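The values are calculated or read from the model by the stated rules, or taken from the named source; none is laboratory data. Small disclaimer: the values here were computed from a predicted structure and weren't measured. Cβ placement follows ideal geometry from the backbone for every residue including glycine, while neighbour counts extend to all protein chains displayed. Remember, those area values only see protein heavy atoms, side chains included, never the ligands or the DNA or RNA. Shrake-Rupley method; radii C 1.70, N 1.55, O 1.52, S 1.80 Å.
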Amino acid sequence: MSQSVSCNSCAYYEDHVANSTKVAEHAGLCRFNPPVTQPEPNARGLWPVVTSSDWCGHFAEARA
């Protein structure tokens, strides 16, 4: 997959600290879908973690 259509250049990708306090190298959060619920009733939902070179069918070019 071309780097120009990977998560790193997608409008829905957030280069961010992953769903923990640790920074995951070359990883971010996909904001296309809502957070995924967890099995525990009091647990918070989590955004899917993706790498900057991942890709999917929901790609939308990031605009400045």
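Pick from the stretch 25-64 the residues that are basic (Lys, Arg) and under 19 Å from Ser4 (Cα atoms): which of them is nearest to the chain's Cα centre (by Cα)? Ranking the candidates gives Arg31 first.
Number of residues in the stretch 1-25 that are in contact with a strand residue (DSSP E or B) (Cβ under 8 Å, 6 or more places away or on another chain), at pLDDT 85 or above and assigned to a loop (DSSP other than H, G, I, E, B) equals 2. Taking the stretch 47-64 as the search range and keeping residues that are part of a loop (DSSP other than H, G, I, E, B) and hydrophobic (A, V, I, L, M, F, W, C), which one is least open to solvent (accessible area, probe 1.4 Å)? Applying the filter and picking the extreme gives Ala60. Selection of the stretch 26-46 for residues being assigned to a loop (DSSP other than H, G, I, E, B) and open to solvent by 70 Å² or more (accessible area, probe 1.4 Å) yields His26, Arg31, Phe32, Asn33, Pro34, Thr37, Pro39, Glu40, Pro41, Asn42, Arg44.
Within the stretch 43-64, the only residue that satisfies the criterion of being touching a residue at least 40 places away in the same chain (Cβ under 8 Å) and basic (Lys, Arg) is Arg63.
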